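Each reported figure results from applying straightforward, stated rules to the coordinates on display, with no laboratory input. A quick note: this is a predicted structure, and the numbers were derived from the prediction, not measured. Because the Cβ atoms are built from the backbone with ideal geometry, glycine has one as well, and the counts that use them run over all protein chains shown.
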Amino acid sequence: MSRIGRLPIALPSGVKVNIKDTEVTVTGPKGELKQRFHPDMKVAQDGNNLVVSRPSDSREHRALHGLTRSLLANMVTGVTKGFQKDLEVVGVGYRATAAGKNLVLRAGYSHQIEVVPLAGTALGVEGANRIKVSGIDKEAVGQMAARIRAIKPIDDFKGKGIKYAGEVVHLKAGKTGKAIGAKQ
């Protein structure tokens, strides 16, 4: 049995789950999320817990068992606490500013870049170099953070660009002087 898939998902107070065939709807204080799951996976509510079961021990069903349970747990966490990703803008002249719901980046290009948030996400700015992406859908928050980071990934030589908060950047040394063995 899958170690992850067999764990029940505790439902906090204020969270309602509606299971209809293969579609599960989770409603909580922060909003509502819907997700369709594989028809072989059975999701059932047992008191204040959600339980996922699989029909056989085939490789596909074992993989889907853990995946389904993880996606359901993320839905429950999203509607109760929400998710957040932090990004840092590093470099002289590199900055981020909020323009309504959008984000405006100065990232070393000749022009400003305006970023429109995906549905279900919100963008915030702290200071001039910290970006906060938040929302109830973990997938959408991660996708939005990845899109912002892809605008100007960290340069390996100078360390300038956009990175995740806490991401360690190993700088490369670059060229060191004249070529060895050059003719005089």
Residue within the stretch 98-105 that is touching a residue at least 12 places away in the same chain (Cβ under 8 Å) and within 17 Å of the chain's Cα centre (by Cα) present: no
Filtered residues of the stretch 29-63 (kept if without any contact (Cβ under 8 Å) to a residue 40 or more places away in the chain, more than 16 Å from residue 16 (Cβ to Cβ) and either among the polar types (S, T, N, Q) or in contact with a strand residue (DSSP E or B) (Cβ under 9 Å, 6 or more places away or on another chain) (or both)): 36, 37, 41, 42, 53, 55, 56, 58
Scope the stretch 96-130; condition of a type in the set (Gly, Ala, Ser) and over 19 Å from residue 154 (Cβ atoms); matching residues: 98, 99, 100, 110, 119, 120, 122, 124
In the stretch 101-122, residue farthest from residue 32 (Cα to Cα) [restricted to those that are among the hydrophobic types (A, V, I, L, M, F, W, C) and not in a strand (DSSP E or B)]: 107
Top-ranked residue in the stretch 123-150 [being part of a helix (DSSP H, G or I) and hydrophobic (A, V, I, L, M, F, W, C); ranked as surrounded by the fewest Cβ atoms within 10 Å (Cβ to Cβ)]: 150
Residue in the stretch 125-132 that is touching a Pro at 6+ places or on another chain (Cβ under 6 Å) and either free of Cβ contacts under 8 Å to residues at least 60 places away in the same chain or within 17 Å of residue 30 (Cβ to Cβ) (or both) present: no
